[in-house]
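K.L.:
A single structure is presented below for examination.
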Amino acid sequence: MNAFFSAQGCYLAGALLALLVGGKRKAVGWVAFGAAAFGTLFILTAVLGVFREGPVSSGLPILQVPGLGAALIYQIDYLSALFLAIIAVVSLLVTLYAQRFMQIAHYRAGSLRYFYSILLFFFAAVLNVVVVADLFFFFVFWEIMTLTSYLMVIFRQEERVRLRAGYKYFLITHIATIFLFIGGILLYRLSGSFSFSFLKMAMAEMQQSQPGLLHFVLGCFFLGFATKAGILPMGDWLPDAYPAAPAPASAAFAGSMTKLGIYGLVRVFCGLLPLSSHTQIWGLIIALFGAGSILVGTMTALVQEDAKRLLSFHVIGQMGYMFLAIGTGLYFLRTQPVIGMIGLGAGIFHLINHVSYKSCLFFNAGAVFYKTGTRDINKVGGLARVLPVTAATAIIASLSIAGIPPFSGFASKWLIYQAALRGGFSVPVFIILGLIAIFISAVTLASFVKFFGALFFGKYEDNGSKARVGDVPAAMRLPQIILAALCILFGLLPQLPLGWVYRSIAYLFPPGSMPAAASIYGGGLLNGLSLNVAGSTAAWNALLLTVIFGLCALLAWGLFRAGGARVRSVETWYCGEEMSDRDTRYRAHGFYLPFKQIFRLRIGRYERPGIYPTITWPKRLFRKEPALNRAIDLDRWLYQPLARSAVRLMRRFSATHSGVPHLYLLWLAAGAALALIILYSFSGGK
Amino acid sequence: MNSYLLAFVQILLVLLLAPLFEGVMRKLVALVHSRIGPPLHQPYLDLLKLLGKEELVTAPHPLFRYSAVLGLAAILTTAVLIPIGMLPPLESAGDILVFIYLITLAAVMVVISGVTSDSPYAAIGASREVMMLLTVEPVILIALISMAVKAGSTRFGEIMAWQAAHAPTFSTLIAGLTLFIAIVAQMARLPFDIVEADQEIMEGPFVEQSGPKLALFKWMIYAKQFIFAAVFISVFIPWPVVQPAILNLLLTLLKMAVLLLIVGVVHVVNPRLRIDQAVRFFLALVVIEIAGLALALVGS
């Protein structure tokens, strides 16, 4: 526990120090990195301690709000420890990457001291969220996290559309928080305390006495967490907010903040809610929302041409995979605990993998931006020549997210498919959800072939930008390499992370109620996965097949060299015509046009590529079908007017603060008179 | 250890026999065209010649040079997971999902060789390859999953054993037919020869491949053809099961040759579809297959 507090100290001290160091752009980056490095060290010690000696708790409350029954209690169990480790590693890599990235001209005018102190403050809040054992303080830290992330979204933004993204983010996430509050308060009425252990009892009691109300409470929690996780349709903010933030911040969001939606979901639905028919119903709902997000998010990603916006839609799709897995797990926990545990484990495992490859991909996109100053994948190409390391890590991360063996994404997706298909043998709807997941996995591959194909291959075009010779600096390469290495490691040895994952979930249930890890995944770190469901097994032995693949590659290489063929370098052949490099590049826009034409939204005369409304619409469309467009564009008729009317209200209110002392005195007098009248009427004239 | 030996034998079997089946198919196509056609061992000669030819390199990226090696390796790896008349040698290493995704890995290598070669024709071919993958992969998977539902397992061995012990039902027939069509596409045969389409985009992803690289890619395509034929025969037409395993293997090879002859006939009498037509076609197949899957779930 002390290690955790020391880590807290590191992050907060780093945030303060960053403010003090101020204008020195290099120094402030190193300060942040140093703080995060020490913090990570402490966190990892704490995590190792937990995994070795069992969960720890701060014991006595550190802070108490007696009137509310809220007390700040820290408790690190295995689930918290797992998330702590993820967040700490992400914070380390993000600050290391940001150190050089934030020095580009684009952010020259921005004040880096604020950026870094907000970033560190954000990480401190995120770390707190996963360890508090009290719903009230959970909300407090959740809010700090949301606010700091909002500040990062609007960092250095003059463009209206970006500010709009910030607005939208602010509004949607706060509406989500309100739902969380409502759920929390309804439970509090019964328990009289915000402590998780009391809430757990309250839920059990509510299940007996007011099952309908419990559904409402769970619905509120679901909405709150799903919004943060970016599940559609609530996650509408995500594809606008992510690209607006600087690349390190986007990686930080993808690596830590969105994942807390999953943390909250698991904490509430597994840790607090007792196994019952409620679990099953909400399992199905969560799985359905997950599958919907997978479908819409990823299909939309296919038509994106802004590198970061493309990645953001994939965040939505990948979060859908986690929701699908966790929902399937929850559904089957009661009837077929093996499938249940496979599903839950697959969800968390996919989360770990997603953190590694998605942060890596955001770093890749950032490296391209660093080098070329653009995020439009139509405008650049052939960058593998200038950015070999970035290209290699981008390919590994892309294949991993697309679920290609033997990378980590395949291991977790394979588990998700198994859970959905095996569950589907008895409850057919899950087979359909599993098929959606499998189909979309191929769409993900397509989207990332476009991503790395268009960015890194084709003819290199030096468009006269300030592209410097050589790869990005080492401080930016290292995080990418580490994350890509994780993609390979967890892919080859899935038993390693699954061991941690299993312990983190199994601890949430009464001891002994869940099947042992070895009976689910098969034993042995090197033996690969061997699932044992209802008497029949299914296996994925990554290490063995990779060795065989390696041997086959050796054999093929032997054949390749056997003829002793000479090698000659030649020009690309354009059927005898002379073409410039620019003319012959196959641009990202051209990929999969026929496919995209089949999957487009078509309602009457209204038609647009993809199936998702965006905020940058051509004017022409509005005139054609105004009603429908307006109905889809929540920005237009919900968020913007809401924000505007709130601002108007505030203006009216602030108008009273004119700075004229006489007016204030008048207000005081009027207020005092009003108070007197109220008191008088209440006391009944006595 | 025995299973490892068997795995090795199966890899060699795929590697060495695949060109022969290609030769048989070429002969058949020639017969339909009223030509004499090349001798049965012509594919071997082609490969040998290509292996010694000069290798022309248009792009410096290492993935461009070695994608053919990795692609062939991926296909050969699947050889240890599939049944060829007998149980898969290393069944405990992977199930149908692993099999499908290893095949996808090979396709990814074709795509990567296309996008790294800097040729716009190759890029168009790569884009088409991905679109075919998008639509054909679900068709294959749903067919195999319908069988998995029937057998209650996702392992090839158990699916095969179940099918051998039972008579065909509606759902297995639907799965078998759709899988057959998907296999035609996977073998890059007409009417689905859209990725290479030599008259339009000059072999698509392979336009800049030459010498040993082209040889390995050709070998990969032959091996893929062989493997899909083996999977189809073992999963859907396992009867009659004859006892000495070696006899069963020979019988399976014979059945595979017949299957490839049928594919050859389909190839020869059909024109090429456009990519959008193919995508629509396979999406329709998916719908039919889901109906078949529903049948499998209710047990018919």
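K.L.:
For region A:278-309, enumerate the residues that are among the aliphatic types (A, V, I, L, M), assigned to a helix (DSSP H, G or I) and modelled with pLDDT under 85.
P.N.:
Across region A:278-309, the qualifying residues are A:Val296, A:Met299, A:Ala301, A:Ala307.
Quick grid of which residues meet (1) among the β-branched types (Val, Ile, Thr); (2) touching a Cys at 6+ places or on another chain (Cβ under 6 Å); (3) in a helix (DSSP H, G or I); (4) touching a residue at least 40 places away in the same chain (Cβ under 8 Å):
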{"position": "B:Pro19", "(1), (2), (3), (4)": "no, no, yes, yes"}
{"position": "B:Val24", "(1), (2), (3), (4)": "yes, no, yes, yes"}
{"position": "B:Lys27", "(1), (2), (3), (4)": "no, no, yes, no"}
{"position": "B:Leu31", "(1), (2), (3), (4)": "no, no, yes, no"}
{"position": "B:Arg35", "(1), (2), (3), (4)": "no, no, no, no"}
{"position": "B:Leu40", "(1), (2), (3), (4)": "no, no, no, no"}
{"position": "B:Pro43", "(1), (2), (3), (4)": "no, no, yes, yes"}
{"position": "B:Leu51", "(1), (2), (3), (4)": "no, no, yes, yes"}
{"position": "B:Tyr66", "(1), (2), (3), (4)": "no, no, yes, no"}
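K.L.:
Would you call A:Leu265 closer than 17 Å to A:Leu180 by Cα, outside the structural domain of A:Ala506 (by TED's automatic domain parsing) and either at pLDDT 85 or above or of a type in the set (Gly, Ala, Ser) (or both)?
P.N.:
Answer is yes for this residue.
K.L.:
I've got another one for you. A:Ile352 - would you say it is closer than 30 Å to A:Ala419 by Cα and within 14 Å of chain B (Cβ to nearest Cβ)?
P.N.:
no
K.L.:
Something else now. For region A:286-324, what are the residues that are within 16 Å of the chain's Cα centre (by Cα) and charged (D, E, K, R)?
P.N.:
Answer for region A:286-324, where residues must be within 16 Å of the chain's Cα centre (by Cα) and charged (D, E, K, R): A:Lys308, A:Arg309.
K.L.:
So for region B:78-94 (the condition being part of a helix (DSSP H, G or I), within 7 Å of chain A (Cβ to nearest Cβ) and more than 21 Å from B:Ala18 (Cα to Cα)), does at least one residue qualify?
P.N.:
Checked region B:78-94: at least one residue is part of a helix (DSSP H, G or I), within 7 Å of chain A (Cβ to nearest Cβ) and more than 21 Å from B:Ala18 (Cα to Cα).
K.L.:
Please tell me if A:Arg164 is more than 26 Å from A:Phe83 (Cα to Cα), buried (at least 17 other Cβ atoms within 10 Å of the Cβ) and out of contact with any helix residue (DSSP H, G or I) (no Cβ under 6 Å at 6 or more places or on another chain).
P.N.:
Judged against the criteria, A:Arg164 is a match.
K.L.:
Tell me which helices (runs of 4 or more DSSP H) are completely within region A:143-237 and hold 3 or more residues being of a type in the set (Lys, Arg), or say none if there are none.
P.N.:
A:160-191
K.L.:
Any idea which residue in region A:523-582 is nearest to B:Ala68 (Cα to Cα), counting only those that are of a type in the set (Lys, Arg) and facing another protein chain (nearest Cβ under 9 Å)?
P.N.:
Here the residue is A:Arg561.
K.L.:
Which pairs turn up if I take residues in region A:522-538 that are closer than 15 Å to A:Ile342 by Cβ and free of Cβ contacts under 8 Å to residues at least 60 places away in the same chain and look for partners that are of a type in the set (Lys, Arg) and part of a loop (DSSP other than H, G, I, E, B) with beta carbon separation below 8 Å, at least 6 apart in sequence or on another chain?
P.N.:
Between residues of region A:522-538 that are closer than 15 Å to A:Ile342 by Cβ and free of Cβ contacts under 8 Å to residues at least 60 places away in the same chain and residues that are of a type in the set (Lys, Arg) and part of a loop (DSSP other than H, G, I, E, B), the close pairs are A:Ser536/B:Arg155; A:Thr537/B:Arg155.
K.L.:
Looking at region B:224-251 only, could you name the residues that are within 18 Å of B:Glu22 (Cβ to Cβ) and of a type in the set (Val, Ile, Thr)?
P.N.:
Passing the criteria: B:Ile227, B:Val231, B:Ile233.
K.L.:
Hey, another quick one. Check B:Leu40, B:Leu6, B:Leu28, B:Leu20 and return the single one that is under 17 Å from the mean Cα position of the chain (by Cα) and closer than 21 Å to B:Leu250 by Cα.
P.N.:
Only one candidate qualifies: B:Leu20.
Table: residues versus (1) over 21 Å from A:Asn2 (Cβ atoms); (2) of a type outside the set (A, V, I, L, M, F, W, C).
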site	(1), (2)
A:Ile62	no, no
A:Gly69	yes, yes
A:Ser80	no, yes
A:Leu84	no, no
A:Arg100	yes, yes
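K.L.:
Might you let me know whether region B:178-196 holds any residue that is surrounded by fewer than 23 Cβ atoms within 10 Å (Cβ to Cβ), more than 9 Å from chain A (Cβ to nearest Cβ), within 27 Å of A:Leu493 (Cα to Cα) and out of contact with any strand residue (DSSP E or B) (no Cβ under 7 Å at 6 or more places or on another chain)?
P.N.:
No; the residues of region B:178-196 include none that is surrounded by fewer than 23 Cβ atoms within 10 Å (Cβ to Cβ), more than 9 Å from chain A (Cβ to nearest Cβ), within 27 Å of A:Leu493 (Cα to Cα) and out of contact with any strand residue (DSSP E or B) (no Cβ under 7 Å at 6 or more places or on another chain).
K.L.:
Related question: Going through region A:493-508 one residue at a time, which ones are in contact (Cβ under 8 Å) with a residue 60 or more places away in the chain and either assigned to a helix (DSSP H, G or I) or under 27 Å from A:Leu545 (Cβ atoms) (or both)?
P.N.:
If the condition is that a residue be in contact (Cβ under 8 Å) with a residue 60 or more places away in the chain and either assigned to a helix (DSSP H, G or I) or under 27 Å from A:Leu545 (Cβ atoms) (or both), then A:Pro494, A:Pro497, A:Leu498, A:Trp500, A:Val501, A:Tyr502, A:Arg503, A:Ser504, A:Ile505, A:Ala506 are the ones that fit.
K.L.:
Return the only residue of A:Ile326, A:Ile339, A:Ile352, A:Ile348 being touching a strand residue (DSSP E or B) at 6+ places or on another chain (Cβ under 8 Å) and at negative phi.
P.N.:
One residue alone meets the criteria, A:Ile339.
The values are calculated or read from the model by the stated rules, or taken from the named source; none is laboratory data. On a predicted model such as this, the values are computed, not experimentally measured, just so you know. Using ideal geometry, Cβ is built from the backbone for each residue, glycine included, and neighbour counts are taken over all protein chains shown.
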